[in-house]
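K.L.:
Would you mind keeping the following structure in view while I ask a few things?
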Amino acid sequence: MAEGGFAVAVELPENVVISKLDELASWCRKNSLWPMPFATACCGIELMATGASRHDLARFGAEVFRFSPRQCDLMIVAGRVVMKMLPVLQRIWQQMPEPKWCISMGACASTGGVFDTYCVVQGIDRFIPVDMYVPGCPPRPEQLIQSIIDLQDKIQREGTIGGREFLATQRQAPKRALVELPVLQPANALVRKA
Amino acid sequence: MSVPAPPDLNERFPCVTCSEFRGDTRLVVPRDDLVALFKFLRDEHHFDLLVDLTCVDYLKYRGAENRFGLIYIVGDSRSAARLTVRTFVNEPDTVVPSVTSLWRGANWLEREVWDLFGITFDGHPDHRRILLPEEFTAHPLRKDYPLQGLGERHNFPTITRGEA
């Protein structure tokens, strides 16, 4: 054995897998998301449809809608949020235990939608952190399911058992949707390199 | 169902003007006679129900002489008869006598008009806002209030990941 290296001296049975603790925790968390339905408008109807039998959110482990924020780890803001409701939204968000995530469902929750009036908040991400935005007015259940799948990806990819991904330095990292696609090199550049 | 004005209206209230449009009778009354007229309509002509109470802001409205027009619709619960009663107020004296002493149901309607138009109801038992939050300072259905507000919708602290 080389200096500084190590080897596993124990022989593992066939049904034992070695992983990182972070990945194990993320794997558990992503497959049992408990949503907090903050449904204020027609997006809430689609949210109900997503949870109901035809679209069956239970296939993704996220069907346990809890109406107490203490038991939830995924807030789905479905519908427009008015300025009288926003302190309630923030309170509920703060009552949810860590780790927690937020999906902004629909045009109104994400941007205010067509309700550009004095009382409607123009996007909840101005006031609480948002992980996924779902476009649509209202989005179809398939879109919400896709966002939950993407959120599961994100949790598996970035999640840590201690919640280190929520620290300030980590938050500065570009989100996946903002990462630029790799630029294909022109053919002649490859030739010159060779 | 609209009905013609009571026949003894003009001798009791000479300052009330009466008009009709497409079968709807409308009485325009000065603000000072408002409660007396409603008492007359309620007690002597059985208009025992205040159906609605709302307001219109006529700022920059073509041909309008007054800023605010209040609309009261009173009804008779026996015959389903209805009458529209209007009165006008102008700034800065936007005070109207409350009719909560005649109809208890006017309570929330007057609070709504106060909330959105800033009309004060003199004698109201619970003169608070009803829809908007209490810290709101403007009256947003006034025509000189900007559509997107004065920044009230963004006047909140932001919660970030670290402090949640």
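Rule-based calculations on the coordinates, nothing more; no lab input. Remember, predicted model here, so these are calculated numbers, not experimental data. Cβ coordinates were reconstructed from backbone atoms using ideal geometry, including for glycine residues, and neighbour counts include every protein chain displayed.
K.L.:
For helix B:34-45, what angle does its Cα long axis make with the longest principal axis of chain B, in degrees from 0 to 90 and rounded to 10?
P.N.:
For helix B:34-45, the angle is close to 50 degrees.
K.L.:
Return the subset of B:39/B:60; A:84/B:143; B:39/B:143 for which the Cα-Cα distance in this structure is over 28 Å, preserving the input order.
P.N.:
Check vs 28 Å cut-off fails for B:39/B:60; B:39/B:143.
K.L.:
Show me the trypsin sites (Lys or Arg not before Pro) within the range B:1-58 that DSSP assigns to loop and that have at most 16 other Cβ atoms within 10 Å of their Cβ.
P.N.:
B:22
K.L.:
How crowded by other chains is B:150-161, given as the mean number of beta carbons from other chains within 10 Å of each beta carbon?
P.N.:
Partner Cβ neighbours, averaged per residue: 6.
K.L.:
Now a separate question. Taking only the alpha carbons of the range B:9-154, what extent do you get along each of the three principal axes, in Å, biggest first?
P.N.:
So the extents along the principal axes, rounded to whole Å, are 53, 35, 26.
K.L.:
Let me ask another. Using only the alpha-carbon atoms, how far is helix B:106-117 inclined from the longest principal axis of chain B? Give it as 0 to 90 degrees, nearest 10.
P.N.:
Helix B:106-117 sits at roughly 50 degrees to that axis.
K.L.:
If you don't mind, there's one more thing I want to ask. If I take every Cα pair under 8 Å that is 6 or more residues apart in chain B, average their sequence separation and divide by the length, what percent do I get for the relative contact order?
P.N.:
It comes to 18 percent, rounded to a whole number.
K.L.:
Something else now. With a/c under 1.5 counting as rounded, go ahead and sort the protein assembly as shown into rounded, prolate or oblate using the C-alpha gyration tensor (a ≥ b ≥ c being the square roots of the eigenvalues; past the cut-off, prolate if a/b is larger than b/c, else oblate).
P.N.:
Prolate shape, in that a/c is at least 1.5 and a/b is the bigger ratio.
K.L.:
If the viscosity is 0.890 mPa s and the temperature 25 °C, what Stokes-Einstein diffusion coefficient in µm²/s follows for the range A:35-162 when Rh is the Kirkwood radius over Cα pairs?
P.N.:
For the chosen part, D equals 169 µm²/s.
K.L.:
Based on alpha-carbon centroids, what's the gap between the range B:1-73 and the range A:93-108 in Å, whole number please?
P.N.:
Taking the Cα centre of the range A:93-108 as reference, the centre of the range B:1-73 is 51 Å away.
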